[in-house]
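Accompanying notes for the structure given below.
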Protein chains: 2
Amino acid sequence: MSIRIGILGYGNLGRGAECALKNAPDMELKAVFTRRDPKTVSILTEHVPVLPVSEAPGMKDDIDVMILCGGSAADLPEQTPYYAGLFNVVDSFDTHARIPEHFAAVDQAAKTSGKTAAISIGWDPGLFSLNRMMAGAILPEGQSYTFWGKGVSQGHSDAIRRIKGVKDARQYTIPVEEALQAVRSGSNPELTTRQKHTRECFVVAEEGADLEQIRQEIVTMPNYFDEYDTTVHFISEEELKRDHSGIPHGGFVIHTGKTGVSGENGHVIEYSLKLDSNPEFTSAVLTAYARAVYRLNQEGQTGCKTVFDIAPAYLSPMSGEELRAHLL
Amino acid sequence: MSIRIGILGYGNLGRGAECALKNAPDMELKAVFTRRDPKTVSILTEHVPVLPVSEAPGMKDDIDVMILCGGSAADLPEQTPYYAGLFNVVDSFDTHARIPEHFAAVDQAAKTSGKTAAISIGWDPGLFSLNRMMAGAILPEGQSYTFWGKGVSQGHSDAIRRIKGVKDARQYTIPVEEALQAVRSGSNPELTTRQKHTRECFVVAEEGADLEQIRQEIVTMPNYFDEYDTTVHFISEEELKRDHSGIPHGGFVIHTGKTGVSGENGHVIEYSLKLDSNPEFTSAVLTAYARAVYRLNQEGQTGCKTVFDIAPAYLSPMSGEELRAHLL
């Protein structure tokens, strides 16, 4: 019997989860839930209903895992605890600083309902966290560094769009190659924000806008750009559409550490991602963890989990025997 | 209270485990067991006894986890099931083809004794297996490739040493850069053995030996070299000692896969290791999993486990709260 999946929220992430489910032989999409008028939402899968979120509670017994595809700022802090009271759930909550309180709220809800939840699933938090944690446990005499990019930062692109005279914008975060090399060398460099990443902006200006003024506003913007070396390119709307419509991202977790009688041997553990589509990859991770959450719940392991708490075998449709025979 | 550790077998791996324990605040070395005359074995840690293996069973209640540091060919198939009857154990059994039978034997022994065992712990099998498995579960429309090196292959070095006229030798396995690039491109290349790795040999010949004859014997040796492009360098004993006394290794697990409505977005997940000392890194992994095995046993999770079955949090001395607050 297939694991019956619901998708709640149908933006880039929800659509990505829908695509990922097509490659999951053991899972089946039962319904997509939206806060919009369902008539205005058309999905990719035939014969699957699009329903208003208000109908989700009534489908409690028809859905094994709800994949929550809302945003971390406004949606998930409310949604995940609420839906964990009704379903097994996974979310991609990515506000690092607020994870402990989110965990506590979801854990309480899931324990009360006897459901299983996995939060902060994706690549950072998520796979990157796992690699930081495991590398640190294996080489405690060492240090982990995380670099992001090259990739589109939605938050930074939005910040530029709010500037007067800007029609549209796309911002890329780019790791500095020299910093990557310094880290890989094992020298444990102290790196400033400016030394780790640069920012490159492609901006479509309104007609007649003061370009130099826009450039100044971008590069001096507190928190977003002032601590970085930022390059601004003004391009046409057509160029933005043609060359910058994808949502690529990625990055590196590099851990270097020492072993031996007196740390005489150095080691480098490096994990990297190069993603054509950030939301589609994130939702592929969510989908694999939806499988895990279902199985954990079947075994009676309820409450809130993170990537740290879930044995990797739960992510795969293969049996333990198959995994050991073919992948170990 | 510290986790009380025994090390069984004091070669490179046992010594590496001893070093790793010095960086584990929650673990304590209780004894080293050897099949040699204990008087001839001197270890790095003061006030820790070196005992004959025959005394291990008597210390059943004094040791929480025994780290088994024997070899996969002759030692572990016997040792791991036997000691799993007495202790929680970890081993680095790395004969991929025989893992299922080793698992079955250890699982039965550990379930009978109520102990917990983790087998095939290290980097391949081990961390590489974990990355192959997770990447495949996340991007099932994709393919994983494993490359080894640059590093010393002990087996190939030994094979060269058995050739008449060879005094000593060191063999390096080297991944082919073009093959790595082809894999990273996402083109899913079909690669022959020859296309993936080359082999480089540093050989010290006996005086008066026929060097061309030795070279021919190496490059045509079935299974070991005949399917590879192999380079042979003759060097002096001093040069071998000076330039090739380390045991470096490493490698790459690269998984490329597709997502989207019709696989229109490509992704690359890459995990790589660059290790100055293969045995010291392997024993650092063993030590972290010894911690996990102890905790699993405390929770009543007995029997045989692999990297697939163990939630990552068990590897770290940090609590769940600390992990979520600092590493997620």
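The values are calculated or read from the model by the stated rules, or taken from the named source; none is laboratory data. In this text the structure is predicted, and so the values were computed from the model without any measurement. Cβ: placed from backbone, ideal geometry, glycine included. Neighbour counts: every protein chain shown. These area figures cover heavy atoms from the full protein model, side chains too; ligands, DNA and RNA do not enter into them. Shrake-Rupley method; radii C 1.70, N 1.55, O 1.52, S 1.80 Å.
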Can you give the accessible area of B:Y83, probe radius 1.4 Å, in Å² rounded to 10?
20 Å²
How shielded is B:20-32 by partner chains, expressed as the average number of their Cβ atoms within 10 Å of its Cβ atoms?
2
Using a label point 7 Å beyond Cα on the Cα-Cβ vector, give me the inter-copy distances for B:A104 in nanometres, one decimal, shortest first.
5.1
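Using a 1.4 angstrom probe, figure out how much accessible area chain B has per residue, in square angstrom, rounded to the nearest whole.
Working: 13730 Å² over 328 residues.
Result: 42 Å² of accessible area for each residue.
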Roughly how large is the B-A contact in terms of buried accessible area, totalled over both chains, probe 1.4 Å, nearest 100 Å²?
5300 Å²
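All other residues with a Cβ under 15 Å from the Cβ of A:L139 taken together, and with Lys, Arg as +1 and Asp, Glu as -1, what is their net charge?
Values: positive: A:R132, A:R184, A:K258, B:K22, B:K274, B:R291; negative: A:E141, A:E264, A:E270, B:D276, B:E280.
Around A:L139, the surrounding residues sum to +1.
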Take A:S316, A:S185, B:S42, A:S236 and sort them by solvent-accessible surface of the protein heavy atoms, 1.4 Å probe, largest at the top.
B:S42, A:S185, A:S236, A:S316
Starting from a label point 7 Å past Cα on the Cβ side, list the distances from A:S54 to the same position in the other copies, nm, shortest first.
8.2
Among B:A288, B:A110, B:A159, the residue with the largest mean-square fluctuation in a Gaussian network model of chain B built from Cα contacts under 10 Å is B:A159
Starting from the residue with the highest accessible area, list A:T220, B:T230 in decreasing order, probe 1.4 Å.
A:T220, B:T230
Given a 1.4 Å probe and the protein chains all in place, what does the accessible area of B:R36 round to, in Å² to the nearest 10?
120 Å²
Under Stokes-Einstein, with the Kirkwood radius over Cα pairs standing in for Rh, what whole-number D in µm²/s applies to the protein assembly as shown at 4 °C and 1.567 mPa s?
48 µm²/s
With every protein chain left in place and a probe of 1.4 Å, what is the accessible surface of B:C69, to the nearest 10 Å²?
20 Å²
The protein assembly as shown - percent of accessible surface contributed by carbon and sulfur, probe 1.4 Å:
47 percent
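Do any of A:K305/B:K22; B:K274/B:K305; A:K22/A:K274; A:K305/B:K305; A:K60/A:K111; B:K60/B:K305 go past 24 Å between their Cα atoms, and which?
A:K305/B:K22; B:K274/B:K305
Could you work out the mean count of beta carbons from other protein chains within 10 Å of each residue's beta carbon in A:281-293?
Values: counts 7, 1, 1, 11, 4, 1, 4, 6, 2, 0, 1, 1, 0.
The mean count of partner-chain Cβ atoms within 10 Å per residue comes to 3.
Would you list the membrane-span-like helices of chain A, meaning whole DSSP H runs whose alpha-carbon atoms span at least 18 Å along their axis and whose mean Kyte-Doolittle value is at least -1.0? Before the final figure, lay out the partial values.
Details: long enough: A:99-113 (21 Å, -0.13); A:278-298 (30 Å, -0.16).
Taking the DSSP H segments of chain A (at least 18 Å long, mean hydropathy at least -1.0), we get A:99-113, A:278-298.
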Which residues in the range B:120-146 place their backbone N less than 18 Å from a point set 7 Å from the Cα of A:S2 along the Cα-to-Cβ direction?
B:140-141
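Work through the residues other than A:F93 whose Cβ is under 11 Å from its Cβ and net out their charges, Lys, Arg +1 and Asp, Glu -1.
Values: positive: A:R98; negative: A:D75, A:D91, A:D94, A:E101.
Neighbourhood net charge equals -3.
Using alpha-carbon pairs under 8 Å, 6+ residues apart, how would you state the relative contact order of the range B:35-183 in percent?
Working: 156 pairs, mean separation 20.7, N = 149.
Once divided by the residue count of the range B:35-183, the mean separation gives 14 percent.
Taking each residue of B:319-327 in turn, how many C-beta atoms of other protein chains fall within 10 Å of its C-beta, and what is the average?
On the way: counts 0, 5, 3, 0, 9, 14, 5, 5, 15.
Neighbouring Cβ atoms belonging to other protein chains average 6 per residue here.
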Report which residues of the range A:137-153 become buried by 30 Å² or more of accessible surface when going from the isolated chain to the complete set of protein chains (1.4 Å probe; DNA, RNA and ligands ignored).
A:A137, A:I138, A:P140, A:E141
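Sorted by mean Cβ packing within 10 Å, highest first, what order do the peptides A:9-15, A:210-216, B:279-285, B:20-26 take? Write down the numbers at each step before the final one.
Working: A:9-15: 20.4, A:210-216: 14.1, B:279-285: 27.3, B:20-26: 18.0.
Put in order of decreasing packing, that is B:279-285, A:9-15, B:20-26, A:210-216.
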Here the averaged projected area of the range A:36-144, based on the convex hull of its alpha-carbon atoms and given in nm², is 8.9 nm²
The lysines whose Cα lies under 21 Å from the Cα of A:K39, excluding any fewer than 8 residues away in the same chain, are A:K30
How high is the relative contact order of chain B? Use alpha-carbon pairs under 8 Å, at least six apart in sequence, and give a whole percent.
21 percent
Taking Cα pairs closer than 8 Å and at least 6 residues apart, the relative contact order of the range A:246-288 in percent is 45 percent
Taking 7 Å along the Cα-to-C-beta vector as the label spot, tell me the B:E177-A:Q298 distance in nanometres, rounded to one decimal.
4.8 nm
Pick from B:P125, B:P100, B:P49: which residue has the top mean-square fluctuation in a GNM of chain B where Cα pairs under 10 Å get a spring?
B:P100
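Over all alpha-carbon pairs in the range B:110-185, figure out the percentage whose distance exceeds 18 Å. Write out the running numbers ahead of the final one.
Values: 1838 of 2850 pairs.
It works out to 64 percent of all Cα pairs.
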Could you please put B:E207, A:E18, A:E322 in sequence from largest to smallest accessible area, using a 1.4 Å probe?
B:E207, A:E322, A:E18
